[in-house]
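Here the structure is laid out as structure tokens; the discussion comes afterwards.
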Amino acid sequence: MEQPSSSSKVTVEYFDPHDVYKLLAPGLIPRLPLRDLNWQSHAGPVRSIHTLHVEIVPTGTDYSQLLSPLTPNHPQLAPPSVTVAANAAGTPNPTAPAESPAIRDDGFQNTPVGGRSASIEQTETMGPTLRPPGAAVPKERRHQIPGLRRTPYLKILLVRCDDNDTYKSTTRAEVREWLKENTPVSQGKLVNNAENHDAFEWMIIHVVLPNTVAATQPRMTGGKAPDSSSDITKTAASRWRGGSNTLLEKMRSDFNSSSKNAVDRVRQIRIGINDVPYDLLPRVVPAVPTGYQETEQDSENAWADLIGKIKELILSSFDTRVTQYEEDIKERDGQRSLPGWNFCTFFILKEGLARGFESVGLVEDALVVYDELSVGLDAIIQAQAIAGSAEAHGGALLPYTEELKKAAQRAMRHISRGNMEFDDEEAVDLQSSEKGRADLFDRIPISATRKQYRELILANNVSLFDFRCYIFARQMSLLLRLGNASSTREELLAKLRELQGLVPRGVAPRAPPPKVTDESENLLHLAEICRRTLEFVPAVSQVSRRDLMSALASAKRGEGAGDAEPAVVDPILSEVVDNIVASFAFSVAQQILAQTSTKALPIPPSTFPEPGGQEPKASIPEPKTMIHPARSTSLYVRAGQNPPLSPIGFPSPGRRSSLPEGDAATPYLKAGLEELAARRAELYALSRNILEECGKKRGWSDGWSSVPVVGESGVADMEDISLDDGENKKEPTPESNVRPPASIAGLDNELLRTALDNKDDFYRLYETLTDKSLRHYTVASHDHSVQANMADLAVLKFHLGEFGEAAFYFYRVIPFFGEGGWSLLELSMLVMYARCLKKLQRMDDYVNKALRQLLSKAAAAELERLQQKSRFRVAEKAKKQFPEASAISGFLTDLLTVSATLDQDVTIPLVSFFGNVELDGPPVYDDNQDSFSLFLKLHSLVVDEFEADTISLRITSPSAGGNREIWLQAKGPVTIKPGRNKVELQSTAMMAGNYEVDEIRLSSSNMRLHYERTVGEPVDKLSTVLRSPRVTLHQRTSTLNARLTATKDIQLDKNNSLDLEVLTGWNTVTSCEVKIKAATGGLRLLIAETVALGPFQLLKRSEGGSFTFGAVPANESVRLRFPFTVEHELLTVAIKVEVAYSTDRGSFTFSRTLSVPIALELAVNVQDVFKHDALFSRFTVSTASASPLRMFKSELVGSEIFESHFGMPPSHPIVVFPKQPASLLYKITRKPGSKLAPKAKRTLYLRIYYSVLSQEIEALFERTLNEDIGKTPLREYSKLVVAQVLSWVKTGLSPYELEKAALLGELQTAMLGDVKWDKQFPGFESTLGPQGESLPTELASFVLDWLKTHPKLLLPHPEPASVQPNSIIIPVDIPPITIVHTADIDITPKHIDQSANSQVQDPLGSLTDNEGHPTVCINQLLPATLHLRWTRRWDTSGAESVQGKTVPIARSRDLEFGYEITAPADTWLLGGRRKGHFVIPAMSDLENDADLTSTPETEADIPLLLVPLREGWLPYPSVEIREVRGSIGGEEDGQGLSIGHGHCETDYRNLGETINVIADRSRVTLSLDASGLGGGPLVLESERSGLGGGRAVV
């Protein structure tokens, strides 16, 4: 590959009269190139120069021979060394090869024009004199146009002076002479502005050798040694006698300017003793030692100072040159309007500025200049075209390119002679390099060194084609440098190696060589190259076409005939021009692709499939094997796997189809990578388009012309009409209409010629270029372009009959075009894809991947056509094309035929073939049978008619017990025609409620069309399927029905039961099967205990809850009662009932989920009071809800041990309100003679008969509504109306309304007046009532009329004999009480004789009130007796075996109890035995119930003395009796603790009784003054009444 040299390189010239450069070079060369330079731009910020190469040449070098060669990447060019080396004498090496001008790089080096330089052979060997060799050579004359010669930026004088005497005698004069010859100022001449184009700086380097006097001197004396850092240097400087300067100081004083801002141009470098060859080392050592010694740090500082000074001086001369160039360019640009202004001259001038920027590494600034020149050229050409005069606008260019003209003439002769040989009359120089040039043009058409462009431009002898090619070549070379392309990088490294090669053999460098870093390419700049190429190729192709036409036209007419093209173009000429232009454009694209190739671009592997494991043919070489370096990829590729099948047969449109399925694309994060990949892909596409156009001339199509058309073309055949006037119109000659056979004459590109040699090679290259473009677009993430290229490959393979590979590409590309709106193209591809699969006998894929997709897409297009046709458009838009029916016809038949041969069904979404799928109206109910129908509208979008075997529809309603489903099905096969269809679907299952259509199925052969949706999903109004999916079913009055109730009789110690009643309605049932299932969590049905009630008996039952009945007449019912249990408390339970029954009209199914409340409507609490002979139980009955109860009667059923007694029952039902419960008091006694047998029943049962007021009200509403609606045409809707009214009744019955109704016996219906009844029947809006109006309207009118007719409803007064109330049986257990004690305090002892003759005075006297309450005085002594008795009759606890008989445990043992009498200390003073123990003996006769109760012998009378301490009604002291643990009859557990024998109760007879205590005074005298205690009244006198006999003084 050819790439011109583009290094950042400036020339530094040195004069070495003393032959010391070879000693200086080992230290200087390794420190090159110069790095990190900063230059202040005149029109912007500071520019940074990272690396600047320096070419060091001796004085007298011929600069015309220092031209950079072509880079050795091209296989036919092997360039010699670049830099001219210097020999030992300082002259150029005569053995250094020179390059021919044919391969010089004009784009990067300056060419001497108009002057003569000295040749190497004429240069004399220089001796030890300071006169430069240039003095012996005629001085080169500066060209009038700046920038056309190469001059140094810096001139260096190398001086060797060993001591002060030599300096004074000879060296000083020689230096002055050199300055006089090499600096214009020193010659006394004014510096001309024109000289600034070649401005340079100068400096003197004093080279000090070891073993000389100069080596013993410090650089500076005293404190003037800034570059000396060691202590030895400072000590030596202090010893140097004052007033004597060193050699460096003398030189600086003599040759530096004395101005304040003068530049120091003198530097000193000391050569180490080990760095000088032995033959050059001075033999005499100075006799006077100074003690100065050069350190390594001093030497390094000196070198750093020298390099820094070189940078400074080079930038100074560069700045001067740039300033002068900018001034001249501004001046010349302002002269555009003047006569004689020439753009070519201006171009050379301004290019000199660009070359100056490039020489110092400011490549971007140089590129800006070339871009400005390119725009300027376009402006000049446009101005010339408008004005029609070239001389007045920048000068005329050549009308054509001679090289193109010769190539076209040769090609025309070849075509006319019918061979590909050269013309015999044409002289061929066999020793010339014309063939090499042809190869060079073939591969590298864009090169700044292909011609002497600058000389041609300067001489105004350049065509527009060459001009544009040169500018573009220079732009590309600069962009390649910015992009750090591999060719440019290798060239820079070669320059560095050449500089290092100048080090003399045997002398080691004194500094390490700079490290070479392998910098990566800048992909953004490489992408910019490709982008500019894409703009350049079309533009330059037009230029070259006009160039060729002009050249050949002038050749026919003779020179000077002008550039007007002939009116009729020769077909041979047109063919030649097309071939040359195509060859050039193809070569340019291939060259740029090669130059921008980089390893940083990870291209994925080829997408070519390999069916059968066979490699594709390789008739022509891959382009990458010819000019592209081999590439590897970083992508992980999973080979040998077929792509997985998607649910619809194609991969998702969003995937990268060019990559293997399942592998994610590697993220390319490098900057510019995607941009470069995209631009390179476009270049490949450009190359492919050129090849395609060439192939069309030979009749080789890419396949798109034969693609099946499925839509209306919309474009009529057009005819070319000439726009010329009729007068000037010329009839074409017959020869002009006959196009000659396609030829390859003029095609110089070898790859293009090979591809056009035969059809196979053409298609091979076409596939290769398309595949490369596709893979580059993949990296660039240009999905649209990837799919477009893949479509090209698919169509090409189909065209070539390679159906396997075509199917491979169609599978991946079709979804993309479908999603992108290319419907017709997608259908065309589907047709081709289907044909491929059919040819390959892949019938499963043929049906599932091709036909179903083809028909679906065609149906979608038809739906869009219908929508567009029906949509109202204000402004008529461009008519969209739709597929023709004839192009799609027959594929549906193939689908049905082939699918019948497959093992599995072909499932296709219903919306793929049908549109506008809707329900037509509300459900239609059949008369005299429990069935209904729905009408389904289907608009078939397919073009063929077919027969559907079955069509079914499912409606679903979510419920608490699970989703309820009803299937409707067509009665037989249905013929589906294109367009609108209406199908009746019937169901014999009835479940009232609100439903939604969630599934539709259609079957034909093995094809299954289905549609599914989620219940409750929001409806899309823009959808074409089921915009109104809701269906409302109601149960008619006369249909079969089921009713669930809780049993009226409830017994709490047994399982509750539910009653299920199935009413046949108008159905005469021949057989009936009832299935019940719990629909509430935690509910368990006891199916085994189910019983049938009524006259119809069960024929069969199963454990799964299925019950079978026989024939049941119409309007009859069967009843089932089944117990149930619940795992936790539930207020309501639900049962799912399904009834399958048969009649003479067929089989039907009824299903319904019924719920019933099971919570108790009342609550009962009991309170027991034990007496010695009886137990009094008080039952409190309250409501468990807000509704009042009617309690009709109650009874307490006795047991084998106990019997109950009740007072007078109420004569009418008792109303129990929530805040007013009812109380029932029962007296329970033990049956005489009852025995405590182990199995004796002890439990009593309380039965209460009641009714709930809210249930009575609901039943009243239901009965009244049914009676009234039964008299109207709406009788079949009675259940619907009753359900809605009762729901509002339950809502409107507040606790206040219920209490009011219970008290008044009537209920107002005004609470239902505010309800909007027309809104209470949703789902029936489209249903018409019997009167022709909307059904909700007619039902609302009936309800409103009924409310007006019944403003209030009278509640009936049910009687127990006339109604069947609810009943509840509550078990009542008597708590086992071991002992019941009776304690009684009697203040009239029984042993005192109360007769009239008794001499003992009654302590109470005669003070007793009318109610029997005794009256006593304070502190009166009251003798009393505590009487204790007991009974065991209430002991029904556990028993043990005693004497072979089972008796309660406590009866067989003595029981000890303790009593304690207590009273408040301020009320009673107690005397006597207040505490004590007593023993209840064990029963002597266990069978004698007489021992259950105490006898006088076993009872206790304990004397007491009571003294009241205050006045008032004082209660008796309390008595507490407790069992004594660990007593005689007690037991101990394993831990020694005593164990009791049960519970005991105490019947305290004095509870509630009081004693009236009064004071014993009859008269009291008081003093009302404040003389009493504490200022109160004073008692003066008190008189006793004499009633309190036997008083106690306390």
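The values are calculated or read from the model by the stated rules, or taken from the named source; none is laboratory data. The structure presented is a predicted model; accordingly, all values stated were derived computationally and were not measured. Cβ coordinates were reconstructed from backbone atoms using ideal geometry, including for glycine residues, and neighbour counts include every protein chain displayed. These area figures cover heavy atoms from the full protein model, side chains too; ligands, DNA and RNA do not enter into them. Shrake-Rupley method; radii C 1.70, N 1.55, O 1.52, S 1.80 Å.
At most 10 other Cβ atoms within 10 Å and a DSSP loop assignment: could you name the GluC sites (Glu not before Pro) in region 1126-1210 that fit? Kindly include the intermediate steps, with their values, before the conclusion.
On the way: sites: Glu1127, Glu1129, Glu1138, Glu1161, Glu1195, Glu1200, Glu1203; in loops: Glu1127, Glu1129, Glu1161, Glu1200.
The qualifying sites are Glu1127, Glu1129.
Restricting attention to region 1246-1344, which trypsin sites (Lys or Arg not before Pro) occupy a DSSP loop and are surrounded by at most 12 other Cβ atoms within 10 Å?
In loop regions of region 1246-1344 (DSSP not H, G, I, E or B), the sparsely surrounded trypsin sites (Lys or Arg not before Pro) are Lys1271, Lys1316.
Enumerate by residue number the GluC sites (Glu not before Pro) in region 1242-1330 meeting two conditions: DSSP loop (anything except H, G, I, E, B), and at most 14 other Cβ atoms within 10 Å of the site's Cβ.
Passing sites in region 1242-1330 are Glu1325.
How far is it, in nm, from the label point at Leu1260 to the one at Glu884 when both lie 7 Å from their Cα along the line to the Cβ?
8.1
Can you give the percent of C-alpha pairs in region 1171-1225 whose distance is more than 20 Å?
35
Once neighbouring chains are kept in place and the probe is 1.4 Å, which whole percent of the accessible area of region 958-1032 is contributed by carbon and sulfur?
44
If you place +1 on the Cβ of every Lys and Arg and -1 on the Cβ of every Asp and Glu, how big does the dipole about the Cα centre of region 747-846 come out, in debye to the nearest 20?
Working: 11 positive and 15 negative charges, 55 e Å.
Value, rounded to 20: 260 debye.
Starting at the first residue of region 1074-1084, write each ³J(HN,Hα) from the Karplus equation 6.51 cos²θ - 1.76 cosθ + 1.60 with θ = phi - 60°, in whole Hz, x for Gly and Pro.
Working through the residues one at a time gives 10, 10, 10, 8, 5, 10, 10, x, x, 9, 10 Hz.
Rounded if a/c is under 1.5, else prolate if a/b beats b/c, else oblate: with a ≥ b ≥ c from the C-alpha gyration tensor eigenvalues square-rooted, which is region 1205-1248?
Prolate, because a/c is 1.5 or more and a/b exceeds b/c.
Leaving ligands, DNA and RNA out of it, rank Asp319, Asp760 by accessible area with a 1.4 Å probe, largest first.
If we order Asp319, Asp760 from most to least accessible, we get Asp760, Asp319.
Measuring from centroid to centroid over Cα atoms, what is the spacing of region 1030-1056 and region 797-873 in Å?
Taking the Cα centre of each part, region 1030-1056 and region 797-873 sit 58 Å apart.
Leaving out ligands, DNA and RNA, what percent of the accessible area of region 1194-1254 is carbon and sulfur, probe 1.4 Å?
Here carbon and sulfur together make up 57 percent of the probe-accessible area.
Among Lys350/Lys405; Lys697/Lys857; Lys759/Lys838; Lys406/Lys696; Lys670/Lys772, which pairs are too far apart, with a Cα-Cα distance over 24 Å?
Lys350/Lys405; Lys697/Lys857; Lys759/Lys838; Lys406/Lys696
Pull up all non-local amide H partners of Val1524: gap of 5 or more, or a different chain, and H-to-H distance under 5 Å with H placed in the peptide plane.
It is Glu1456, Phe1457, Gly1458, by chain and number.
Could you derive backbone 3J(HN,Hα) for region 1206-1214 from the dihedral phi with the Karplus parameters 6.51, -1.76 and 1.60 (θ = phi - 60°), listing whole Hz in sequence and x where the residue is Gly or Pro?
10, x, 6, x, x, 7, 9, x, 9
If Asp771, Asp279, Asp894, Asp1020 are ordered by their accessible area, calculated over protein heavy atoms with a 1.4 Å probe, which sequence runs from highest to lowest?
Ranked from most to least accessible, the order is Asp279, Asp1020, Asp894, Asp771.
Sequence-distant or interchain residues sharing an amide H contact under 5 Å with Glu1116, placed H: which?
Long-range HN contacts for Glu1116: Thr1064, Gly1065.
Which of Tyr1245, Thr1272, Gln1255 sits farthest toward the positive end of the charge dipole of region 1135-1292, with +1 on the Cβ of Lys and Arg and -1 on the Cβ of Asp and Glu?
Checking the options against the dipole of region 1135-1292, the answer is Tyr1245.
Under the definition of Cα pairs under 8 Å and six or more residues apart, what whole-number percent is the relative contact order of region 1094-1162? Don't jump to the answer; show the numbers that get you there.
Details: 65 pairs, mean separation 15.9, N = 69.
Averaging sequence separation for qualifying contacts and normalising by length gives 23 percent for region 1094-1162.
For a quick check: with amide H placed at 1.01 Å from N, whose amide H comes under 5 Å from Leu1224's, ignoring anything fewer than 5 positions away on the same chain?
Phe1179, Thr1180, Val1181
Obtain the nm distance between the two label points defined at Lys839 and Gln1220 by a simple spin-label model: each point lies 7 Å from its Cα along the Cα-to-C-beta direction.
Label at Lys839, label at Gln1220, 10.0 nm between them.
Past 26 Å, Cα to Cα: identify those pairs from Lys982/Lys1279; Lys869/Lys977; Lys1021/Lys1316; Lys22/Lys155; Lys1279/Lys1316; Lys1193/Lys1227, in the order given.
Lys982/Lys1279; Lys1021/Lys1316
What are the ³J(HN,Hα) values, in whole Hz, obtained from phi via the Karplus relation 6.51 cos²θ - 1.76 cosθ + 1.60 with θ = phi - 60°, for each residue of region 754-766 in sequence order, with x given for Gly and Pro?
5, 5, 8, 6, 8, 5, 4, 5, 4, 5, 5, 5, 4
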